[in-house]
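Throughout, read-outs are computed from the coordinates displayed, never taken from laboratory work. Since this is a predicted model, take the numbers as computed values, not measurements.
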Amino acid sequence: MGGVKQKAPQLIMGKHSPVIHKLRKAMEFYQELGFEYLPVKGLDIRKSLSGTVDGHHPETPADDTSGPAAERGDRGGALESLRNEIGDCIRCKLSTGRKNIVFGEGNAGAALMFIGEGPGRDEDIQARPFVGDAGKLLTNLIVKLGLKREDVYIANIVKCRPPGNRNPQPDEISACMPFLERQIEIIKPGVIVCLGNVAAKAILGSSVPISRLRGTFYDYHDIPVMPTFHPAYLLRNSKAKWLTWEDMQKVLEQLKS
Ligand code: URA
């Protein structure tokens, strides 16, 4: 009449513990279902990135009106002057096919700056970066990070749409980069996220593919740069969203440090 002996549950939390194994399996299951993140309650990242919610870095005095706009902390004014300087640009051949210049938009004092490749059809029409399908994905990602689109700054390597959405060519990038460089100088973000190969190559000067670059910080004039997948790639490769989510967790950590 011996009963079946019940094995005591193992609570050892080592690398190979059954608990960790089950957790890993559960995570893989959720990932395959298309979950992009597991929500964590109680973390207000906007507060953690203090000073960015109202549009200014904490060290920026609101009423300092002496000296040139960028130096006195009037980042919005400095960006406006830069936009005026660009004018109705004809510095490269992209000017012949564009409808609008897409300068970039967002918080002039943003701690976090995203840099894409160049405007697509929707962006060209609306004169705003990342407003098409890839843009919606990027906006979702920003919101899932606990931020609003208005908290960050979004720009591109080139400000005019390459015909048929081809990659921008080296002469087009060279003509446009000085303006992006000055945008970065004005905004002084705490972290730059390069979206895709074109942005990573132009900012970091590296031809290593994004699949190998991503997930590690690099340096651009003392600003940490995280390369990650372009949202358009994520639209076609849903599983890579998980990797981008991991990259963005590192970005949040960096911003909090
Ligand atoms: N892709 C980009 O790289 N930039 C945009 O603004 C839109 C789509």
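Hydrodynamic analysis of the stretch 115-257 uses the Kirkwood radius over alpha carbon pairs. Inserted into Stokes-Einstein at 4 °C and 1.567 mPa s, it gives a translational diffusion coefficient of 85 µm²/s. Normalised by residue count, the stretch 186-249 yields a Cα convex hull volume of 86 Å³ per residue. In the structure shown, do any of Lys99/Lys188; Lys93/Lys256; Lys159/Lys241 have a Cα-Cα gap over 32 Å, and if so which? Distance filter (> 32 Å) returns Lys93/Lys256.
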